[in-house]
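Since the structure comes first, as C-alpha cells, the remarks are kept for the end.
Read-outs throughout are calculated quantities, based only on the coordinates presented, and are distinct from any laboratory measurement. Here the structure is a predicted model, which is why all the values come from computation and not from measurement. Note that each Cβ is placed from the backbone with ideal geometry, even for glycine, and that neighbours are counted across all protein chains shown.
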Amino acid sequence: MNSNRYIAEAIGTFALVFAGCGAIVVNESFGGVIGHVGISLVFGLIVMAMIYAIGNISGAHLNPAVTLGFTFAGRFDKRSVPGYIFSQIAGAVAAALALRLLFPENASLGATVPHVGLLRAFGMETLLSFLLMFVILNVSTGHMEKGIMAGVAVGGTIALEALVGGPVTGASMNPARSLAPALISGYPDQLWIYLTAPVLGTFLARPTCRWIQGPACCTPEQEKEPADE
C-alpha cells in the first residue's frame, strides 16, 4: 500500500534525526563523550540501518533533497513527492520534539549552523549533497536504496562527509534534518542554506551520473512504482 511507504519514510527520518541530532545533544550534555568522529559515525550508521530496514518499502530516502533528486533523475513518480516530503518533515519534527522532551536544557537540539562565510557554506553543502546523490544514483535500483551494499555505500558516504563537513556547516545534506531542530529550538540561523543547497547538489548529480554511466542511468523507464507492480 502507498501509505506504508509514507509511514516508513516518517519512521526512518525520525530515526535519523533522533539518533544523529541526539548524538550531538548527548555529546554537548556529557562533556564531549561521543566526539566529532562518533557523531559522524552515528549519522552514517543510522542511515545504513534504515536502508536495510525500510529500503525495500519506501526506498529509504529519508531526505527531501534525495526524493527531489530521484524525481529530477526520472526515477521517481512526481505524484508521490508531496507525500514523501511531508512524511520526512513530520518524522524529523517528531524526533526534534522527542529530543526537546528528553533534553529540555539543550538549546540547539543539534541544529546546523555554518562556521564559515555564507558562500563557502552554501558551496560546501552543495558539494556534499552532490557527492551523496551521485553515490546513491549509482548504487540504487530505480528510487530504491536497497541491497547488500547500498546501505554500506550510502551510510559510509554520509559518515565520511560528516567527518569532513561537520566542523564547517554541520554537514546536513538534508533539509528535513536541519529544519526540524531549527523549528523546535528556535535557532533558524541561515536555514535557507540547508533548504536550498542540498537540493541543488542532488540535482547536479543527475547529469554527472548520465555522463559516467550513459543515457540509461537516469530515465523514466527505470522507475516502476511499487503500487503498480
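Let me check against my output: what whole-number percent is the relative contact order of the range 2-217, with C-alpha pairs under 8 Å and at least 6 apart? About 30 percent, as a whole number.
All alpha carbon pair distances within the chain were sorted into 5 Å bins beginning at 0; the resulting P(r) in whole percents reads 1, 8, 15, 20, 22, 16, 10, 5, 2, 1, 0. Diffusion coefficient of the range 106-179 by Stokes-Einstein, Kirkwood radius over Cα pairs, 4 °C, 1.567 mPa s: 99 µm²/s. With neighbours defined as other Cβ atoms within 10 Å of a residue's Cβ, the residues HIS61, HIS143 order from fewest to most as HIS143, HIS61. Under 5 Å between amide hydrogens, built in the peptide plane, is the criterion, and for THR141 it picks out LYS146 among residues at least 5 positions away or on other chains. Helical runs (DSSP H, four residues minimum) scored at -39500 (n - 2.57) apiece and divided by the length of the chain put the mean residue ellipticity at 222 nm at -23000 deg cm²/dmol.
Extension gain for the segment VAL168 to HIS36, taken as residue separation times 0.36 nm less the Cα-Cα distance, is 46.3 nm to one decimal.
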